[in-house]
Amino acid sequence: MSAESPGDVRPAVSQLPAYRPGKGAAQAEAEHGIIDAIKLASNENPYAPIPPVVDAITAAAVGVNRYSDHRAGELRSAIAEWHGVGDDHVTVGCGSVGLIQQLFLTYVDPGDEVVTPWRSFEVYPIDTMLMGAQLVPVPLADGAFDLDAVADAVTERTKLVLIATPNNPTGPAVSTAALRATLEQIPRRVIVLVDEAYREFVDPSFGDPVHDLLPDFPNVVVSRSMSKAYGLAGLRVGYLVADPAVVTEVDKTLLPFAVNLVAQAGALAAVRHRAEYQPKIDVIISERERVVSELEAAGWQLFPTQANFVYLELGDRTDGIYVELERRGVVTRPFAGEGIRVTIGTPAENDRFLAALADVIS
Ligand SMILES: Cc1ncc(COP(=O)(O)O)c(C=O)c1O
(Lines give C-alpha, C1' and ligand atoms only; values in the text may rest on other atoms or scores of the structure.)
Protein backbone atom coordinates (compact mmCIF):
# COMPACT_ATOMS: atom_id res chain seq x y z
CA MET A 1 0.00 0.00 0.00
CA SER A 2 1.26 3.49 -0.80
CA ALA A 3 1.91 5.95 2.03
CA GLU A 4 0.03 8.61 0.04
CA SER A 5 -3.38 9.45 1.42
CA PRO A 6 -6.27 8.55 -0.88
CA GLY A 7 -8.02 11.24 -2.86
CA ASP A 8 -6.92 14.75 -3.71
CA VAL A 9 -8.35 16.69 -0.76
CA ARG A 10 -9.33 20.31 -1.43
CA PRO A 11 -6.76 22.56 0.29
CA ALA A 12 -9.67 24.35 1.99
CA VAL A 13 -10.54 21.06 3.71
CA SER A 14 -7.05 19.70 4.42
CA GLN A 15 -6.20 22.95 6.22
CA LEU A 16 -9.50 23.04 8.07
CA PRO A 17 -9.43 22.59 11.85
CA ALA A 18 -12.04 20.04 12.93
CA TYR A 19 -14.97 21.49 14.90
CA ARG A 20 -14.25 20.88 18.58
CA PRO A 21 -17.42 20.02 20.49
CA GLY A 22 -17.60 20.59 24.25
CA LYS A 23 -16.24 17.63 26.22
CA GLY A 24 -18.83 15.23 27.66
CA ALA A 25 -19.08 14.33 31.34
CA ALA A 26 -18.33 10.63 30.66
CA GLN A 27 -15.12 11.48 28.82
CA ALA A 28 -13.94 13.71 31.69
CA GLU A 29 -14.76 10.95 34.18
CA ALA A 30 -12.68 8.46 32.20
CA GLU A 31 -9.77 10.88 31.76
CA HIS A 32 -9.54 11.86 35.41
CA GLY A 33 -10.74 8.65 37.04
CA ILE A 34 -13.62 10.48 38.73
CA ILE A 35 -17.37 9.96 39.00
CA ASP A 36 -20.31 12.32 38.91
CA ALA A 37 -18.86 14.90 36.51
CA ILE A 38 -21.17 17.59 35.14
CA LYS A 39 -21.03 19.10 31.66
CA LEU A 40 -21.21 22.88 31.51
CA ALA A 41 -19.36 23.02 28.20
CA SER A 42 -21.88 23.30 25.36
CA ASN A 43 -24.52 25.80 26.47
CA GLU A 44 -27.14 23.08 26.61
CA ASN A 45 -30.35 23.27 28.59
CA PRO A 46 -30.02 21.21 31.78
CA TYR A 47 -33.72 20.32 31.82
CA ALA A 48 -35.27 17.32 30.05
CA PRO A 49 -37.79 18.01 27.27
CA ILE A 50 -41.39 18.63 28.38
CA PRO A 51 -43.77 15.61 28.16
CA PRO A 52 -45.65 16.72 24.99
CA VAL A 53 -42.32 16.88 23.16
CA VAL A 54 -41.26 13.43 24.37
CA ASP A 55 -44.69 12.09 23.34
CA ALA A 56 -44.43 13.65 19.87
CA ILE A 57 -40.91 12.24 19.38
CA THR A 58 -42.01 8.79 20.50
CA ALA A 59 -45.07 8.83 18.26
CA ALA A 60 -43.01 9.98 15.26
CA ALA A 61 -40.45 7.20 15.72
CA VAL A 62 -42.82 4.55 14.32
CA GLY A 63 -43.00 6.46 11.02
CA VAL A 64 -39.31 6.69 10.23
CA ASN A 65 -39.53 4.13 7.44
CA ARG A 66 -40.75 7.18 5.44
CA TYR A 67 -38.72 10.27 4.57
CA SER A 68 -39.58 13.46 6.39
CA ASP A 69 -41.31 16.41 4.72
CA HIS A 70 -38.27 18.00 3.03
CA ARG A 71 -39.66 21.52 3.50
CA ALA A 72 -40.87 20.88 7.06
CA GLY A 73 -44.04 22.69 6.01
CA GLU A 74 -46.05 22.30 9.21
CA LEU A 75 -43.13 23.41 11.36
CA ARG A 76 -42.43 26.41 9.12
CA SER A 77 -46.05 27.50 9.40
CA ALA A 78 -46.07 27.11 13.17
CA ILE A 79 -42.86 29.18 13.47
CA ALA A 80 -44.18 31.81 11.06
CA GLU A 81 -47.40 32.15 13.04
CA TRP A 82 -45.39 32.38 16.29
CA HIS A 83 -43.39 35.33 14.93
CA GLY A 84 -46.23 37.00 13.03
CA VAL A 85 -44.65 36.63 9.58
CA GLY A 86 -45.73 34.82 6.41
CA ASP A 87 -44.68 31.19 5.88
CA ASP A 88 -42.45 32.38 3.03
CA HIS A 89 -40.29 34.31 5.53
CA VAL A 90 -39.21 31.15 7.39
CA THR A 91 -36.95 28.24 6.63
CA VAL A 92 -36.03 25.35 8.89
CA GLY A 93 -32.65 23.62 8.98
CA CYS A 94 -30.52 20.99 10.68
CA GLY A 95 -29.68 23.18 13.67
CA SER A 96 -28.89 26.83 13.17
CA VAL A 97 -25.36 25.68 12.26
CA GLY A 98 -26.90 23.88 9.29
CA LEU A 99 -28.62 27.07 8.21
CA ILE A 100 -25.45 29.13 8.68
CA GLN A 101 -23.63 26.70 6.40
CA GLN A 102 -26.50 27.06 3.90
CA LEU A 103 -26.01 30.84 3.98
CA PHE A 104 -22.36 30.34 3.06
CA LEU A 105 -23.31 27.95 0.25
CA THR A 106 -25.82 30.48 -1.03
CA TYR A 107 -23.77 33.68 -0.89
CA VAL A 108 -20.03 33.04 -0.51
CA ASP A 109 -17.59 32.22 -3.33
CA PRO A 110 -13.85 31.51 -3.01
CA GLY A 111 -12.00 34.78 -2.38
CA ASP A 112 -15.05 36.58 -0.97
CA GLU A 113 -14.83 38.24 2.42
CA VAL A 114 -16.82 37.44 5.54
CA VAL A 115 -16.80 40.02 8.32
CA THR A 116 -17.39 39.10 11.94
CA PRO A 117 -16.48 40.48 15.33
CA TRP A 118 -13.95 38.12 16.89
CA ARG A 119 -13.78 36.16 19.12
CA SER A 120 -17.20 34.77 18.29
CA PHE A 121 -18.87 31.48 17.34
CA GLU A 122 -16.21 28.99 16.24
CA VAL A 123 -18.26 27.72 13.31
CA TYR A 124 -17.92 31.05 11.45
CA PRO A 125 -14.22 30.71 10.54
CA ILE A 126 -14.68 27.01 9.73
CA ASP A 127 -17.48 27.73 7.24
CA THR A 128 -15.45 30.61 5.79
CA MET A 129 -12.40 28.39 5.22
CA LEU A 130 -14.56 25.63 3.78
CA MET A 131 -15.71 28.01 1.05
CA GLY A 132 -12.15 29.18 0.36
CA ALA A 133 -13.24 32.65 1.49
CA GLN A 134 -11.44 35.17 3.67
CA LEU A 135 -12.44 35.90 7.26
CA VAL A 136 -12.16 39.55 8.27
CA PRO A 137 -12.16 39.47 12.09
CA VAL A 138 -13.01 42.72 13.89
CA PRO A 139 -11.57 42.70 17.45
CA LEU A 140 -14.02 42.82 20.33
CA ALA A 141 -13.92 45.77 22.69
CA ASP A 142 -14.42 44.57 26.28
CA GLY A 143 -16.07 41.38 25.08
CA ALA A 144 -18.63 43.37 23.08
CA PHE A 145 -18.89 44.44 19.46
CA ASP A 146 -17.43 47.56 17.96
CA LEU A 147 -20.20 47.88 15.39
CA ASP A 148 -18.71 50.93 13.67
CA ALA A 149 -15.53 48.92 13.09
CA VAL A 150 -17.68 46.09 11.70
CA ALA A 151 -19.32 48.48 9.20
CA ASP A 152 -15.90 49.93 8.30
CA ALA A 153 -14.55 46.44 7.59
CA VAL A 154 -17.12 45.87 4.81
CA THR A 155 -15.58 46.16 1.32
CA GLU A 156 -16.92 45.41 -2.15
CA ARG A 157 -15.70 41.81 -1.65
CA THR A 158 -17.81 41.31 1.50
CA LYS A 159 -20.70 38.89 1.08
CA LEU A 160 -21.64 38.12 4.66
CA VAL A 161 -21.51 39.90 8.01
CA LEU A 162 -22.03 37.62 11.01
CA ILE A 163 -23.25 39.05 14.31
CA ALA A 164 -23.94 36.64 17.17
CA THR A 165 -26.08 38.38 19.77
CA PRO A 166 -25.52 37.46 22.55
CA ASN A 167 -21.97 36.76 21.51
CA ASN A 168 -20.60 33.28 22.07
CA PRO A 169 -18.42 32.97 24.13
CA THR A 170 -18.31 36.41 25.79
CA GLY A 171 -22.06 36.96 26.37
CA PRO A 172 -22.94 40.61 25.60
CA ALA A 173 -25.93 41.31 23.32
CA VAL A 174 -26.51 44.22 20.93
CA SER A 175 -29.78 46.15 20.70
CA THR A 176 -31.75 46.41 17.49
CA ALA A 177 -31.27 50.21 17.70
CA ALA A 178 -27.49 49.75 17.58
CA LEU A 179 -27.83 47.21 14.77
CA ARG A 180 -30.03 49.59 12.78
CA ALA A 181 -27.32 52.27 12.88
CA THR A 182 -24.80 49.70 11.59
CA LEU A 183 -27.11 48.35 8.90
CA GLU A 184 -27.56 51.85 7.55
CA GLN A 185 -23.83 51.87 6.73
CA ILE A 186 -23.80 48.46 5.00
CA PRO A 187 -24.86 48.02 1.35
CA ARG A 188 -28.01 45.96 0.79
CA ARG A 189 -26.14 43.44 -1.37
CA VAL A 190 -24.34 42.23 1.78
CA ILE A 191 -26.24 39.66 3.85
CA VAL A 192 -26.12 40.42 7.57
CA LEU A 193 -26.77 37.41 9.78
CA VAL A 194 -28.12 38.21 13.23
CA ASP A 195 -27.45 34.94 15.03
CA GLU A 196 -29.84 34.72 17.95
CA ALA A 197 -29.20 31.17 19.17
CA TYR A 198 -29.66 32.43 22.76
CA ARG A 199 -32.49 34.89 22.10
CA GLU A 200 -34.87 33.59 24.78
CA PHE A 201 -32.38 34.47 27.54
CA VAL A 202 -32.03 38.10 26.39
CA ASP A 203 -33.75 41.01 28.10
CA PRO A 204 -36.65 42.07 25.80
CA SER A 205 -35.42 45.69 25.95
CA PHE A 206 -32.75 44.72 23.38
CA GLY A 207 -35.56 44.49 20.80
CA ASP A 208 -36.58 41.89 18.26
CA PRO A 209 -34.73 42.03 14.91
CA VAL A 210 -37.59 40.22 13.16
CA HIS A 211 -39.93 43.10 13.92
CA ASP A 212 -37.49 45.97 14.35
CA LEU A 213 -35.13 45.38 11.40
CA LEU A 214 -36.41 42.89 8.83
CA PRO A 215 -39.17 45.09 7.40
CA ASP A 216 -36.61 47.84 6.57
CA PHE A 217 -33.55 45.74 5.78
CA PRO A 218 -34.26 42.81 3.42
CA ASN A 219 -30.57 41.83 3.67
CA VAL A 220 -31.00 40.92 7.36
CA VAL A 221 -31.28 37.22 8.16
CA VAL A 222 -32.21 36.22 11.71
CA SER A 223 -31.21 32.74 12.84
CA ARG A 224 -32.66 31.05 15.90
CA SER A 225 -32.25 27.70 17.54
CA MET A 226 -34.44 25.09 19.19
CA SER A 227 -31.32 23.71 20.91
CA LYS A 228 -30.89 26.12 23.79
CA ALA A 229 -34.03 27.53 25.46
CA TYR A 230 -36.18 24.69 24.09
CA GLY A 231 -33.67 22.01 25.07
CA LEU A 232 -33.64 20.14 21.75
CA ALA A 233 -29.88 20.22 21.08
CA GLY A 234 -29.82 16.51 20.28
CA LEU A 235 -32.60 16.80 17.70
CA ARG A 236 -30.87 19.48 15.56
CA VAL A 237 -33.49 22.05 14.56
CA GLY A 238 -32.94 25.72 13.87
CA TYR A 239 -34.71 28.27 11.74
CA LEU A 240 -34.15 31.47 9.79
CA VAL A 241 -36.51 34.39 9.47
CA ALA A 242 -35.65 36.41 6.38
CA ASP A 243 -36.96 38.10 3.27
CA PRO A 244 -38.79 35.58 1.03
CA ALA A 245 -36.22 36.14 -1.74
CA VAL A 246 -33.46 35.04 0.67
CA VAL A 247 -35.50 32.07 1.91
CA THR A 248 -36.09 30.86 -1.66
CA GLU A 249 -32.38 30.82 -2.46
CA VAL A 250 -31.24 29.38 0.88
CA ASP A 251 -33.83 26.60 0.57
CA LYS A 252 -32.11 25.34 -2.58
CA THR A 253 -29.04 24.41 -0.54
CA LEU A 254 -30.84 22.27 2.07
CA LEU A 255 -29.51 18.72 2.11
CA PRO A 256 -32.53 16.55 1.17
CA PHE A 257 -34.56 15.69 4.29
CA ALA A 258 -31.88 17.22 6.56
CA VAL A 259 -34.47 17.99 9.22
CA ASN A 260 -35.48 14.46 10.05
CA LEU A 261 -38.97 13.27 10.83
CA VAL A 262 -38.46 12.86 14.57
CA ALA A 263 -36.82 16.29 14.81
CA GLN A 264 -39.72 17.95 13.00
CA ALA A 265 -42.26 16.30 15.29
CA GLY A 266 -40.37 17.24 18.46
CA ALA A 267 -39.76 20.83 17.36
CA LEU A 268 -43.39 21.26 16.31
CA ALA A 269 -44.57 20.12 19.74
CA ALA A 270 -42.07 22.47 21.41
CA VAL A 271 -43.32 25.42 19.34
CA ARG A 272 -46.95 24.60 20.09
CA HIS A 273 -46.25 24.21 23.82
CA ARG A 274 -43.68 27.01 24.03
CA ALA A 275 -45.44 28.72 26.94
CA GLU A 276 -44.55 25.72 29.11
CA TYR A 277 -40.84 26.49 28.67
CA GLN A 278 -41.03 29.95 30.15
CA PRO A 279 -40.70 28.87 33.81
CA LYS A 280 -37.53 26.89 32.94
CA ILE A 281 -36.13 29.80 30.94
CA ASP A 282 -36.86 32.10 33.90
CA VAL A 283 -34.96 29.77 36.25
CA ILE A 284 -31.95 29.75 33.91
CA ILE A 285 -32.01 33.56 33.72
CA SER A 286 -32.29 33.97 37.49
CA GLU A 287 -29.54 31.39 38.01
CA ARG A 288 -27.37 33.33 35.56
CA GLU A 289 -27.91 36.48 37.62
CA ARG A 290 -27.09 34.58 40.81
CA VAL A 291 -23.89 33.08 39.36
CA VAL A 292 -22.84 36.51 38.04
CA SER A 293 -23.43 38.21 41.38
CA GLU A 294 -21.62 35.47 43.32
CA LEU A 295 -18.65 35.67 40.95
CA GLU A 296 -18.59 39.46 41.16
CA ALA A 297 -18.76 39.29 44.94
CA ALA A 298 -15.71 37.02 44.76
CA GLY A 299 -13.88 39.71 42.80
CA TRP A 300 -14.33 38.53 39.20
CA GLN A 301 -14.85 41.16 36.52
CA LEU A 302 -17.30 39.79 33.97
CA PHE A 303 -18.69 40.93 30.65
CA PRO A 304 -22.43 41.60 30.94
CA THR A 305 -23.88 38.31 29.70
CA GLN A 306 -27.35 37.95 28.18
CA ALA A 307 -26.92 34.27 27.36
CA ASN A 308 -27.09 30.99 29.30
CA PHE A 309 -23.37 31.15 30.03
CA VAL A 310 -20.72 33.27 31.68
CA TYR A 311 -17.19 33.90 30.47
CA LEU A 312 -14.11 34.13 32.65
CA GLU A 313 -11.21 36.01 31.08
CA LEU A 314 -8.18 34.10 32.34
CA GLY A 315 -5.42 34.65 29.79
CA ASP A 316 -2.45 32.38 30.52
CA ARG A 317 -4.24 30.81 33.49
CA THR A 318 -6.96 29.32 31.25
CA ASP A 319 -5.60 25.84 30.75
CA GLY A 320 -4.55 25.34 34.37
CA ILE A 321 -7.89 26.46 35.80
CA TYR A 322 -9.88 24.52 33.21
CA VAL A 323 -8.05 21.28 34.04
CA GLU A 324 -8.39 21.82 37.80
CA LEU A 325 -12.14 22.43 37.43
CA GLU A 326 -12.40 19.27 35.37
CA ARG A 327 -10.53 17.27 38.03
CA ARG A 328 -13.25 18.43 40.40
CA GLY A 329 -15.86 17.11 37.97
CA VAL A 330 -16.90 20.43 36.39
CA VAL A 331 -16.42 20.37 32.62
CA THR A 332 -16.28 23.84 31.04
CA ARG A 333 -15.23 25.15 27.64
CA PRO A 334 -11.69 26.53 27.40
CA PHE A 335 -10.39 28.93 24.77
CA ALA A 336 -6.64 28.40 25.07
CA GLY A 337 -4.80 31.42 26.42
CA GLU A 338 -8.03 33.46 26.58
CA GLY A 339 -10.62 32.22 29.02
CA ILE A 340 -13.32 29.69 29.80
CA ARG A 341 -17.03 29.69 29.07
CA VAL A 342 -19.30 28.12 31.65
CA THR A 343 -22.88 27.13 30.87
CA ILE A 344 -25.58 27.92 33.42
CA GLY A 345 -26.91 24.58 34.63
CA THR A 346 -29.34 23.57 37.37
CA PRO A 347 -28.97 25.40 40.71
CA ALA A 348 -27.08 22.39 42.12
CA GLU A 349 -24.72 22.29 39.11
CA ASN A 350 -24.06 26.02 39.40
CA ASP A 351 -23.27 25.59 43.09
CA ARG A 352 -20.78 22.90 42.17
CA PHE A 353 -19.11 25.16 39.64
CA LEU A 354 -18.90 28.07 42.11
CA ALA A 355 -17.48 25.85 44.85
CA ALA A 356 -14.98 24.19 42.48
CA LEU A 357 -13.81 27.55 41.16
CA ALA A 358 -13.38 28.97 44.66
CA ASP A 359 -11.38 25.86 45.56
CA VAL A 360 -9.17 26.10 42.46
CA ILE A 361 -8.46 29.80 42.92
CA SER A 362 -7.81 29.63 46.67
C1 LIG B 1 -23.88 31.75 18.38
C2 LIG B 1 -24.36 30.38 18.08
N3 LIG B 1 -25.05 30.17 16.96
C4 LIG B 1 -25.51 28.95 16.64
C5 LIG B 1 -25.29 27.87 17.47
C6 LIG B 1 -25.75 26.52 17.02
O7 LIG B 1 -26.94 26.14 17.49
P8 LIG B 1 -27.71 24.90 16.85
O9 LIG B 1 -27.72 23.86 17.88
O10 LIG B 1 -29.06 25.46 16.51
O11 LIG B 1 -27.00 24.47 15.61
C12 LIG B 1 -24.60 28.02 18.65
C13 LIG B 1 -24.35 26.86 19.51
O14 LIG B 1 -23.52 26.78 20.33
C15 LIG B 1 -24.11 29.31 18.96
O16 LIG B 1 -23.40 29.52 20.06
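The values are calculated or read from the model by the stated rules, or taken from the named source; none is laboratory data. Note that the structure is predicted; figures quoted are calculated from it, not measured. When we count neighbours, we look across all protein chains shown, and the Cβ atoms used for this are built from the backbone with ideal geometry, even at glycine. Side chains are part of the model used for accessible areas, which takes the heavy atoms of the whole protein and leaves out ligands, DNA and RNA. Shrake-Rupley method; radii C 1.70, N 1.55, O 1.52, S 1.80 Å.
Here are the numbers for the structure shown:
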read-out	value
Given charges at Cβ of Lys, Arg, Asp, Glu: segment 51-272 dipole, positive-most of Q102, V136, L232	L232
Accessible area in the full protein assembly, largest first, 1.4 Å probe, for T155, T91	T155, T91
Sites Q134 and A233, calculated FRET efficiency, Cβ-Cβ separation with R0 35 Å, nearest 0.05	0.70
Placed amide H near A164: partners under 5 Å, 5+ positions off or other chain	D195
Of G86, G171, G238, the one that fluctuates the most in a GNM where the chain has Cα springs shorter than 10 Å	G86
Added length on full extension, which subtracts the Cα-Cα distance from 0.36 nm per residue, Y19 to A149	44.1 nm
Carbon plus sulfur fraction of accessible area for the chain, probe 1.4 Å, in percent	55
Spin-label pair E324/E122, simplified geometry with 7 Å Cα→Cβ offset, distance in nm	2.3
Residue among F335, Y198, S77 farthest towards the positive dipole end of the chain, charges placed on Cβ	S77
Cα→Cβ-extended label distance, 7 Å offset, between D316 and I361, nm	2.0
Long-range HN-HN contacts of F309 with modeled amide H, under 5 Å	I344
Cross-link table K39/K280; K23/K280; K23/K159; K159/K228; K23/K252, entries beyond 30 Å C-alpha to C-alpha	K23/K159; K23/K252
D203-R66 FRET efficiency (beta carbon distance; Förster radius 41 Å; 0.05 resolution)	0.45
Candidates L160, L103, L314, ranked by Gaussian network fluctuation over the chain, Cα under 10 Å, top entry	L314
Karplus-derived 3J(HN,Hα), 6.51/-1.76/1.60, for each residue of segment 317-329, Hz, glycine and proline x	7, 3, 4, x, 5, 4, 5, 5, 4, 5, 4, 8, x
Projected label distance in nm at K252 and Y47, using a 7 Å step from Cα toward the beta-carbon	4.2
The chain - share of DSSP beta bridges that are antiparallel (%, nearest 5)	45
1.4 Å probe accessible area per residue over the chain, in Å²	44
Net lengthening on full extension, H32/E289 (0.36 nm per residue, minus Cα-Cα)	89.4 nm
Value at 222 nm in deg cm²/dmol, rounded to 500, when DSSP H runs of n ≥ 4 in the chain each add -39,500 (n - 2.57)	-11000 deg cm²/dmol
Calculated from backbone phi, Karplus (6.51, -1.76, 1.60) coupling profile of segment 9-21 in Hz, x at Gly/Pro	5, 4, x, 4, 8, 5, 8, 6, x, 5, 5, 10, x
Taking the chain and dividing mean pair separation by its residue count, relative contact order in percent (alpha carbons under 8 Å, at least six apart)	24
P(r), alpha carbons of segment 51-272 - 5 Å bins starting at zero, rounded %	1, 7, 15, 20, 20, 16, 11, 6, 3, 1, 0
E196 - accessible surface, heavy atoms, 1.4 Å probe, Å² rounded to 10	10
Within the chain, longest stretch clear of exposed trypsin sites (Lys or Arg not before Pro) (DSSP loop, no more than 11 other Cβ within 10 Å)	67-187
Span from the segment 39-101 Cα centroid across to the segment 293-358 one, whole angstrom	31
Electrostatic dipole magnitude of the chain [Cβ: Lys, Arg +1; Asp, Glu -1; Cα centre; debye, to 20]	700
Segment 194-321, relative contact order in percent, only Cα pairs under 8 angstrom and at least six apart counted	24
³J(HN,Hα), Karplus 6.51/-1.76/1.60, whole Hz, each residue of segment 115-125, x for Gly, Pro	9, 8, x, 8, 7, 8, 5, 5, 5, 4, x
